[in-house]
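Peer 1: The structure's right below; bear with me while I get my questions together.
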Amino acid sequence: MTVQSNTPEITQDDKLWAMLSNAPIIGWIVALIVLLTDDKKNRPFMKYHAVQSLAIYVIVLVTSIVGVGVCIAAVIWIYQIYLMVKANQGEWVKIPALTDFLKKQGWVA
């Protein structure tokens, strides 16, 4: 599901950083860079994808601790590749339940 938003134009740089934020394995590092760099965290598209990516990594970490993370890791990696493609296309992807939770917390607009 994609979400439309009234924000500034999405640049190629926005798409690249958003795509890399969703990358399996290294995405959390890129997402942290986006959120800790002033010029990047002020870009709504980059911030949106970076926050969602970090939330996914937290879910993976928690499920790994519980013991079911290995079972769902392949599914999450495939979904992250899907998110990478959508970010590269400049689309705002709404992750069921997760995006709504992040919006209620005020972490994404």
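Peer 1: Taking the residues in segment 4-25 that are surrounded by 13 or more Cβ atoms within 10 Å (Cβ to Cβ) and β-branched (Val, Ile, Thr) as candidates, determine which candidate is modelled with the lowest pLDDT.
Peer 2: Here the residue is THR7.
Peer 1: Residues of segment 41-54 being in a helix (DSSP H, G or I) and surrounded by fewer than 19 Cβ atoms within 10 Å (Cβ to Cβ), which ones? So that I can check it myself, show each step before the final result.
Peer 2: From segment 41-54, those in a helix (DSSP H, G or I) are 41, 44-54; that's our starting set.
If the condition is that a residue be in a helix (DSSP H, G or I) and surrounded by fewer than 19 Cβ atoms within 10 Å (Cβ to Cβ), then LYS41, PRO44 are the ones that fit.
Peer 1: Now a separate question. Which condition breaks for TYR82 when tested against (1) of a type outside the set (Lys, Arg); (2) under 23 Å from ASP13 (Cβ atoms); (3) touching a helix residue (DSSP H, G or I) at 6+ places or on another chain (Cβ under 6 Å)?
Peer 2: That leaves (3) as the condition not met.
Peer 1: Just one of VAL51, VAL66 is under 20 Å from ASP100 (Cβ atoms) and of a type in the set (Val, Ile, Thr); which is it?
Peer 2: Numbers: VAL66 fails: under 20 Å from ASP100 (Cβ atoms).
Criteria check complete, one pass: VAL51.
Peer 1: Could you look through segment 86-109, keep only residues that are within 17 Å of LEU20 (Cβ to Cβ) and touching a helix residue (DSSP H, G or I) at 6+ places or on another chain (Cβ under 8 Å), and pick out the one that is surrounded by the most Cβ atoms within 10 Å (Cβ to Cβ)? Reasoning before the result, please.
Peer 2: Looking only at segment 86-109, we keep the residues that are within 17 Å of LEU20 (Cβ to Cβ), and these are 86-93.
Still in the list and also touching a helix residue (DSSP H, G or I) at 6+ places or on another chain (Cβ under 8 Å): 87-90, 92-93.
Values: ALA87: 28, ASN88: 15, GLN89: 12, GLY90: 16, TRP92: 21, VAL93: 20.
Among them, the one singled out is ALA87.
Peer 1: Can you pull out the residues in segment 56-109 that are in a loop (DSSP other than H, G, I, E, B), within 11 Å of the chain's Cα centre (by Cα) and hydrophobic (A, V, I, L, M, F, W, C)?
Peer 2: In the first step, residues of segment 56-109 are kept if they are in a loop (DSSP other than H, G, I, E, B); the result is 67-68, 89-91, 94-97, 106-109.
This time we only want the ones that are within 11 Å of the chain's Cα centre (by Cα), so: 94-95, 108.
Selection gives ILE95, VAL108.
The values are calculated or read from the model by the stated rules, or taken from the named source; none is laboratory data. These numbers were taken from a predicted model, which means no experiment stands behind them. Because the Cβ atoms are built from the backbone with ideal geometry, glycine has one as well, and the counts that use them run over all protein chains shown.
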